[in-house]
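**Q** Handing you this structure, nothing more for now.
Since every read-out is calculated from the coordinates, none of them should be taken as a lab result. Note that this is a predicted model, so its numbers are computed, not measured. Here Cβ is always computed from backbone atoms with ideal geometry, including for glycine, and neighbour counts include all displayed protein chains.
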């Protein structure tokens, strides 16, 4: 028999994810507003996002993801929206690194309308693309990028280079200066 032997399952990853989510959610819900609760909110937001259809661990909560899927399926929890809600809380932290990470995550998530318009605009008779972006100030992502840009400006030299040198943040600043 030439079939490869499959390794024995050591743990059920989906079950472990569910247990971790329930445990973390319970801990979070019992906490009073505090910096510790904000740290827990960030941790929980990471788990919600990673388990979403956008996250790296979508396979923990779904059997498959279609290339046509661009949002939570009807009748299911919107994991991305839950993550955003928790990140909004953790972004109010006074702890520098937690605030930086939360603002970066909020800016990264493209949920709903993106921060820019791409395509033909009849009103301006102009085509907008990656080299000529038209900002959409009403979008959630635009507001998140504006908050991150403001944080980076206020803390110049202190922010992580991964954040301060982010190409999307740079493009956002350039598009907003036009």
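**Q** With angles folded into 0 to 90 degrees, how steeply does helix 13-30 sit against the dominant principal axis of the chain? Use alpha carbons for both and round to 10.
**A** Approximately 70 degrees, to the nearest ten.
**Q** To make sure I understand, if each residue's beta carbon is the centre and we count other beta carbons within 10 Å, what order do 152, 18 fall in, fewest to most?
**A** Ordered by Cβ neighbours within 10 Å, fewest first: 18, 152.
**Q** Can you sort 116, 108 from fewest to most other Cβ atoms within 10 Å of each residue's own Cβ?
**A** 108, 116
**Q** What is the P(r) of the chain, as percent of Cα-Cα pairs per 5 Å bin from 0?
**A** Bins of 5 Å from zero give 1, 7, 13, 15, 16, 15, 12, 8, 5, 3, 2, 1, 0, 0 percent of pairs.
**Q** Just need the relative contact order of segment 34-178 here, percent rounded to a whole number, with Cα pairs under 8 Å and 6+ apart.
**A** RCO, segment 34-178: 18 percent.
**Q** Shifting gears a bit: Give me the angle, in degrees from 0 to 90, between the Cα long axis of helix 35-50 and the longest principal axis of the Cα atoms of the chain, rounded to the nearest 10.
**A** 80
**Q** Mind pulling the angle between the C-alpha long axis of helix 79-90 and the longest principal axis of the chain? Nearest 10 degrees, somewhere in 0 to 90.
**A** Helix 79-90 sits roughly 70 degrees off the main axis of the chain.
**Q** Kindly provide the helix-only [θ] at 222 nm of the chain, computed as the sum of -39,500 (n - 2.57) over DSSP H runs of four or more divided by all residues, to the nearest 500 deg cm²/dmol?
**A** The per-residue figure over the chain is -16000 deg cm²/dmol.
**Q** Roughly what % of Cα-Cα distances in segment 112-178 sit above 14 Å, to the whole percent?
**A** 60
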